[in-house]
Amino acid sequence: MTIKGYYRDEDFLQRFGANLQKIRKSKGISQEELANRCDFPMSQISRIETGVINTSISHVSAIAKGLGIAPDELFRFH
């Protein structure tokens, strides 16, 4: 969907968030712990996982570091 020059792919955001959640849980990391590792509010991790917000590339980098993975792993979903 495009709103005044802003593109938002709801399906992609949902799949990205679900993949983030799957990876986070597989590592036994809570949303709170990941948020602390990234220096984000916990609500931000929740909103990313549920596809509510369209996060930035910088935040993807911080999340990957917080999870101890390469950033591209967060985009490996089908």
For the range 2-75, what's the relative contact order in percent, using C-alpha pairs closer than 8 Å and at least 6 residues apart?
34
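Counting other beta carbons within 10 Å of each residue's own, what order do His78, His59 fall into, fewest first?
Ranked by crowding around the Cβ, least crowded first: His78, His59.
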Dividing the surface of the Cα convex hull of the range 2-75 by four yields a projected area in nm² of 4.7
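Every number in this text was worked out from the coordinates using simple rules, so none of it is lab data. This structure is a prediction, so every number in the text was calculated from the model and none was measured. Positions of Cβ are generated from backbone atoms using ideal geometry, with glycine treated the same way; all protein chains shown enter the neighbour counts.
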